Amino acid sequence: MTQPAITGHGVFTPDQSISNDELVAAFNAYVDRWNADHAGRIAAGEVEPLTHSSSEFILSASGIESRYVLDKDGVLDPDRMCPRLPVRPDEAPGIMAEMAVDACTRALEMADREGAEVDLVICAASNHERAYPAIAIEIQQLLGCGGFAFDMNVACSSATFGIQAAADMIRAGSARRALVVNPEICSGHLEWRDRDCHFIFGDVCTAVVIEPAEEARGDHWLIHSTRCATQFSNNIRNNAGFLRRAHDQMEDRRDMQFMQNGRKVFKEVLPLVSSHILGHLSDHGWQADDLTRLWLHQANKTMNDFIGKKVLGRVPEDGEQPNILQDYANTSSAGSIIAFSKHSGDMGKGDKGVICSFGAGYSVGSVLVERA
Ligand code: COA
């Protein structure tokens with residue numbers, strides 16, 4: 001059977017970023033305005049006043065120091081608290097497609113391939129800009145790829161589930177060369193006015209090229225095995241969908257944006273992920289000691305520290321389990337791929353690692369790779 005390999009990877013990083021201090025200043029200005037506007041109702045005990053956020057809390061609770069966004073001004077405008085991304089004409093490339101073309105071009109360059117040599121494009125992300133035509137088909141056209149393309153969504157696990165789908169199709173022969181691309185406009189589904197989560201997300205796009213190892217034109221990563229698992233939970237949820245107008249009174253509801261019960265997620269997802277990775281390693285005949293690196297989903301530093309320790313049976317050494325969330329925040333499905341892309345170039349032939357994502361669903365996906 002064909003051995004699939006990752007032969008290229010790329011990251012599109014927006015040129016605008018927001019530090020915790022900038023974010024908190026805007027949030028606190030919004031809070032002060034809201035409290036002033038609702039002073040009468042607050043005094044009458046009808047509503048609770050909103051409370052300030054703090055950079056110290058954000059750093060200690062999450063490890064996040066900064067995040068990249070497509071539109072900083074809209075997010076930091078206390079009268080708006082949401083990015084400003086104007087509607088584009090149907091003839092112009094969509095925002096997700098534009099981000100994807102940048103990341104895919106970088107990945108193709110590394111693989112020394114042209115768009116025309118790709119016959120499968122999977123656009124795997126936690127939200128899609130429109131229902132149809134698929135964003136992936138637009139990307140396919142913009143890059144001049146052949147074959148077929150489709151969108152998929154498994155929230156934060158979209159990238160690893162996409163890699164499994166592509167690797168399986170290459171093994172089976174239904175595709176020859178794939179791009180799995182993850183454009184994440186998290187700033188569009190984050191409620192920037194909610195203190196509990198306003199610091200969590202950032203925007204980015206990642207892409208990987210997957211093709212038969214025997215056709216690789218440079219250093220590459222053998223995909224030895226993939227494993228996906230899901231278990232239903234409402235603890236991370238977004239109810240925005242195409243029935244929004246058909247349902248009554250759905251337009252302005254808080255649940256039209258990202259919602260989470262962070263504490264429960266923390267407690268429930270940790271054991272799920274560590275046992276998933278350990279089970280996957282063991283079924284494949286690998287030991288934790290065989291791993292040179294763990295590229296984990298990037299949601300929370302404490303969570304990653306815990307998973308790294310549980311999997312390795314000791315505190316990970318510097319660089320063994322790299323985090324990028326301090327600079328990018330949580331970028332949903334793209335997080336583990338950013339970590340992989342930015343922290344794998346130094347590894348030698350034969351070195352092994354695991355890419356692992358986890359999040360809403362719940363969902364967990366792991367990919368066992370070896371440098372070749
Ligand atoms: N600034 C200051 N204080 C804040 C705050 C903010 N922005 N947000 C919350 N607080 C306060 C809370 O009011 C609470 O105060 P209290 O103890 O007096 O009630 C305290 O800080 C702790 O809040 P809590 O929400 O329980 O924090 P936490 O330690 O659980 O951390 C998360 C919050 C979201 C960072 C953490 O739960 C997490 O990362 N969970 C997993 C998230 C995840 O992986 N999600 C997947 C998404 S794809």
| note | With all protein chains present, the range 40-102 has a carbon and sulfur share of its accessible area (1.4 Å probe) in percent of 53 percent
| task | Would you please classify the overall shape of the range 36-106 from the alpha carbon gyration tensor, given that a ≥ b ≥ c denote the square roots of the eigenvalues, rounded means a/c under 1.5, and beyond that prolate means a/b larger than b/c while oblate covers the rest? | result | oblate
| Treating the beta-carbon of each Lys and Arg as +1 and of each Asp and Glu as -1, no other charges, what is the dipole magnitude of the range 299-354 about its Cα centre, to the nearest 20 debye? | 200 debye
| remark: Per principal axis, largest first, the Cα atoms of the chain extend in Å by 71, 53, 35
| said: Please compute, for the alpha-carbon atoms of the range 57-163, the extent along each of the three principal axes and give them in descending order in Å. | reply: 47, 34, 25
| field | Proximal lysine pairs, the chain, alpha carbons under 30 Å, eight or more residues apart or interchain | value | 22
| said: Per residue, how large is the accessible surface of the range 73-168? Use a 1.4 angstrom probe and give square angstrom. | reply: 45 Å²
| field | Gap separating the Cα centres of the range 166-240 and the range 317-336, nearest whole Å | value | 14 Å
| request: Would you work out the charge dipole size for the range 61-177 about its Cα centre, treating the Cβ of every Lys and Arg as +1 and the Cβ of every Asp and Glu as -1, and quote it to the nearest 20 debye? | output: 300 debye
| said: Rounded to the nearest percent, how much of the accessible area of the range 151-305 (1.4 Å probe, protein heavy atoms only) is carbon and sulfur? | reply: 46 percent
| task | Please report the Cα spread of the range 188-320 along all three principal axes, rounded to whole Å, starting with the longest. | result | 53, 38, 26
| So what's the angle, to the nearest 10 degrees on a 0 to 90 scale, between helix 301-312 and the longest Cα principal axis of the chain? | 30 degrees
| Charge dipole magnitude, Cβ of K and R +1, D and E -1 - the range 25-121, Cα centre, debye nearest 20 | 420 debye
| said: Under the rule a/c < 1.5 gives rounded, and otherwise a/b versus b/c splits prolate from oblate, where does the range 152-259 land using the Cα gyration tensor? | reply: prolate
| request: Determine the distance separating the Cα centre of the range 62-110 from the Cα centre of the range 262-301; give it in Å without decimals. | output: 30 Å
| request: May I ask you to give the solvent-accessible area per residue for the range 205-328, in square angstrom, as obtained with a 1.4 angstrom probe? | output: 53 Å²
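The values are calculated or read from the model by the stated rules, or taken from the named source; none is laboratory data. Keep in mind that what you see is a predicted model, and the values were worked out from it rather than measured. Because the Cβ atoms are built from the backbone with ideal geometry, glycine has one as well, and the counts that use them run over all protein chains shown. Areas reflect the complete protein model, heavy atoms only, side chains present, ligands, DNA and RNA absent. Shrake-Rupley method; radii C 1.70, N 1.55, O 1.52, S 1.80 Å.
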